[in-house]
1. Hey, what do the phi angles of the stretch 10-18 turn into as Karplus ³J(HN,Hα) couplings, whole Hz, using 6.51/-1.76/1.60 and θ = phi - 60°, x for Gly and Pro?
2. So how long is each side of the chain along the principal axes, counting just the alpha-carbon atoms, biggest first, in Å?
3. Run through the stretch 1-45 and list the trypsin sites (Lys or Arg not before Pro) located in a DSSP loop whose Cβ has at most 14 other Cβ atoms within 10 Å.
4. How high is the relative contact order of the chain, in percent, counting Cα pairs under 8 Å that sit 6 or more residues apart?
5. Which of the chymotrypsin sites (Phe, Trp or Tyr not before Pro) across the stretch 1-53 are loop residues per DSSP, with 14 or fewer other Cβ within 10 Å?
6. Karplus couplings for the stretch 20-30 from phi (6.51 cos²θ - 1.76 cosθ + 1.60, θ = phi - 60°), rounded to Hz, Gly and Pro as x?
7. What does the charge dipole of the stretch 20-77 about its Cα centre add up to, to the nearest 20 debye, if the Cβ of each Lys and Arg holds +1 and the Cβ of each Asp and Glu holds -1?
8. Based on the mean of other beta carbon atoms within 10 Å per residue, what is the order of 66-73, 53-60, 24-31, most packed first?
Amino acid sequence: MTYMEPPRYKDGNEIRTGDRVTWAGHPASVVAVIDTQSYSPMFPETEWSHLGAGFMLDVEGVGLVYEEEAHEDLQLIGRTNR
């Protein structure tokens, strides 16, 4: 798989693995960015790369959520130093 342009939040910031976000008002973390082949250790590439593009969120009280692109209900709160 080749590296693709990273997905972005509506404000233009790149979506990165480890970002803390809110999704539809729920706290969440970005656990995989398929476009850039960036995966957290608990969510390995072998399990999620078949999706081809987009990103995975671990949403508190909801579980895993797959998105192909960012929507207005996804807001960046903070990032880890990666």
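Where a number appears in this text, it was derived from the coordinates with a stated rule and is not lab data. The shown structure was predicted, so the numbers you read here are calculated from the model rather than taken from an experiment. Note that we place each Cβ from the backbone using ideal geometry, even for glycine, and neighbour counts take in every protein chain shown.
1. So the J values, rounded to whole Hz, are 4, 7, x, 5, 5, 7, 10, 4, x.
2. Rounded to whole Å, the extents work out to 33, 26, 24 Å.
3. Details: sites: R8, K10, R16, R20; in loops: K10, R16.
Loop-located and lightly packed - K10.
4. Details: 163 pairs, mean separation 27.6, N = 82.
The value is 34 percent.
5. On the way: sites: Y3, Y9, W23, Y39, W48; in loops: Y3, Y9.
For chymotrypsin sites (Phe, Trp or Tyr not before Pro) across the stretch 1-53 that sit outside H, G, I, E and B with at most 14 neighbouring Cβ atoms in 10 Å, the list reads Y3.
6. Listing the rounded values in order: 9, 9, 10, 10, 6, x, 9, x, 7, 10, 7 Hz.
7. Working: 1 positive and 10 negative charges, 39 e Å.
Result for the stretch 20-77 is approximately 180 debye, rounded to the nearest 20.
8. Details: 66-73: 13.2, 53-60: 18.9, 24-31: 16.9.
Highest-to-lowest ranking by the protection proxy: 53-60, 24-31, 66-73.
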